[in-house]
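S.K.: Would you mind keeping the following structure in view while I ask a few things?
The values are calculated or read from the model by the stated rules, or taken from the named source; none is laboratory data. Just so we're clear, the structure is a prediction, and the values are computed from it rather than from any experiment. Every residue, glycine among them, receives a Cβ derived from its backbone with ideal geometry; neighbour counts consider all protein chains shown.
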C-alpha cells in the first residue's frame with residue numbers, strides 16, 4: 001500500500017453517528033473478494049436514487065466535496081458487520097483519512113470507530129483519527145462556512161491543520177506507534193512479514209518440514 005506521511009485534501013462531512021458497514025458498503029456488493037471496483041458502490045443507498053441517478057442532495061455528490069479525500073463523521077463510525085469491503089469502498093472512492101469523535105453518554109464511552117473497522121483500515125492504508133467532540137464540531141462548522149475547505153494531515157507530526165480563510169487551525173491526535181510505523185512505511189501485513197524474509201528463509205533451510213507427533217513405548 002502507499003506510504004502515508006502527509007496529505008492535503010478537501011474535507012467532506014457527513015453529520016451522522018453510527019454509520020455502519022452496511023451503509024458504507026451495502027450487502028449486495030459483497031459478492032466479489034477482489035479488491036477492485038468498490039469505490040462506485042460506497043454509500044450507494046445515499047449516493048443514488050432508486051432509478052440509479054445521482055442523489056444531488058447527498059454531500060458526496062456535490063462539488064467540491066465529490067473530490068474530497070478527508071471524511072469527517074460523528075461517533076461509532078464503521079459499526080456493524082466486519083466486512084473489509086467497507087474499507088475498500090472508502091479508499092477506492094478516494095478517501096485517505098476518516099475523522100470521528102470519541103463521545104460520552106453519561107458514564108458510557110462511545111468510540112469514534114468500531115474496533116474491527118479501525119483494524120481493517122490500518123491494514124488497507126486508511127488513516128482513522130479520533131478527536132474530541134469539540135474538535136470535530138469545529139471541523140463541521142468550518143466546512144459549513146467554507147465549502148471545499150482543505151486540511152493537511154501530517155502523520156509523522158501527528159497534527160492536522162484546517163486551512164481556514166481567517167487563518168489555520170491546528171489540532172493534535174494520538175495514534176498507536178506500531179500502526180503509525182506501518183502507515184508511514186506503507187507496509188501491509190504481507191510486506192511487514194517480508195521484512196523478516198531472510199530469517200524465515202534461514203529457518204526453513206535449517207528445520208525439517210515434517211511435523212512429528214509424540215510417540216510412547218507401551219507394553220501390551
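S.K.: Suppose we filter 77, 43, 95 for residues that are crowded, with 21+ Cβ neighbours inside 10 Å, out of contact with any helix residue (DSSP H, G or I) (no Cβ under 8 Å at 6 or more places or on another chain), at pLDDT 95 or above and closer than 22 Å to residue 151 by Cβ; which single one remains? Even if it seems obvious, please write down each step before you answer.
M.R.: Working: 77 fails: out of contact with any helix residue (DSSP H, G or I) (no Cβ under 8 Å at 6 or more places or on another chain); 43 fails: out of contact with any helix residue (DSSP H, G or I) (no Cβ under 8 Å at 6 or more places or on another chain).
Residue meeting the stated conditions: 95.
S.K.: On to the next question. Which of (1) modelled with pLDDT under 65; (2) touching a helix residue (DSSP H, G or I) at 6+ places or on another chain (Cβ under 9 Å) is the odd one out, the single condition residue 185 does not satisfy?
M.R.: In the conditions (1) modelled with pLDDT under 65; (2) touching a helix residue (DSSP H, G or I) at 6+ places or on another chain (Cβ under 9 Å), residue 185 misses (1) alone.
S.K.: Let me ask something else about it. Hey, could you check segment 24-38 for residues that are surrounded by 11 or more Cβ atoms within 10 Å (Cβ to Cβ) and either in a loop (DSSP other than H, G, I, E, B) or modelled with pLDDT of 95 or more (or both) and say which is nearest to the chain's Cα centre (by Cα)?
M.R.: That would be 24.
S.K.: Quick check on my filter: what residues within segment 75-104 are in contact with a strand residue (DSSP E or B) (Cβ under 6 Å, 6 or more places away or on another chain), under 15 Å from residue 23 (Cα atoms) and in a loop (DSSP other than H, G, I, E, B)?
M.R.: Initially, segment 75-104 is screened for residues in contact with a strand residue (DSSP E or B) (Cβ under 6 Å, 6 or more places away or on another chain), giving 75-80, 95-103.
Filter again for under 15 Å from residue 23 (Cα atoms), leaving 75-80.
Across segment 75-104, the qualifying residues are 75, 76, 78, 80.
S.K.: Turning to a different aspect of this structure: Return the residue satisfying two criteria in turn: it lies in segment 161-179 and is touching a strand residue (DSSP E or B) at 6+ places or on another chain (Cβ under 9 Å) and free of Cβ contacts under 8 Å to residues at least 12 places away in the same chain, and of such residues it is surrounded by the most Cβ atoms within 10 Å (Cβ to Cβ).
M.R.: Once the filter is applied, the top-ranked residue is 161.
S.K.: Working only within segment 48-74, note down all residues that are part of a helix (DSSP H, G or I) and either more than 30 Å from residue 104 (Cα to Cα) or out of contact with any helix residue (DSSP H, G or I) (no Cβ under 8 Å at 6 or more places or on another chain) (or both).
M.R.: In the first step, residues of segment 48-74 are kept if they are part of a helix (DSSP H, G or I); the result is 59-61, 65-67.
Those that are part of a helix (DSSP H, G or I) and either more than 30 Å from residue 104 (Cα to Cα) or out of contact with any helix residue (DSSP H, G or I) (no Cβ under 8 Å at 6 or more places or on another chain) (or both): 61, 66, 67.
S.K.: Looking for something under 22 Å from residue 17 (Cβ atoms) and touching a helix residue (DSSP H, G or I) at 6+ places or on another chain (Cβ under 6 Å) - is there at least one such residue anywhere in segment 133-147?
M.R.: No, every residue in segment 133-147 fails to be under 22 Å from residue 17 (Cβ atoms) and touching a helix residue (DSSP H, G or I) at 6+ places or on another chain (Cβ under 6 Å).
S.K.: Another question about this same structure. With the requirement that a residue be closer than 25 Å to residue 62 by Cβ and assigned to a loop (DSSP other than H, G, I, E, B), what does segment 131-167 give you?
M.R.: Result: 146, 147, 148, 149, 163, 164, 165, 166.
S.K.: Going by what's in this entry, would residue 114 be described as crowded, with 16+ Cβ neighbours inside 10 Å, more than 19 Å from the chain's Cα centre (by Cα), under 28 Å from residue 25 (Cβ atoms) and modelled with pLDDT of 95 or more? Give the derivation first.
M.R.: Values: crowded, with 16+ Cβ neighbours inside 10 Å: yes; more than 19 Å from the chain's Cα centre (by Cα): no; under 28 Å from residue 25 (Cβ atoms): yes; modelled with pLDDT of 95 or more: yes.
So residue 114 does not fit the description; no.
S.K.: Given the options 21, 5, 69, name the one that is loosely packed, with under 15 Cβ neighbours inside 10 Å, under 21 Å from residue 122 (Cβ atoms), modelled with pLDDT of 95 or more and within 19 Å of the chain's Cα centre (by Cα). Give the derivation first.
M.R.: On the way: 21 fails: loosely packed, with under 15 Cβ neighbours inside 10 Å; 69 fails: loosely packed, with under 15 Cβ neighbours inside 10 Å.
One residue alone meets the criteria, 5.
S.K.: Scan segment 170-190 for residues that are within 15 Å of residue 121 (Cβ to Cβ) and part of a loop (DSSP other than H, G, I, E, B) and report the count.
M.R.: 6
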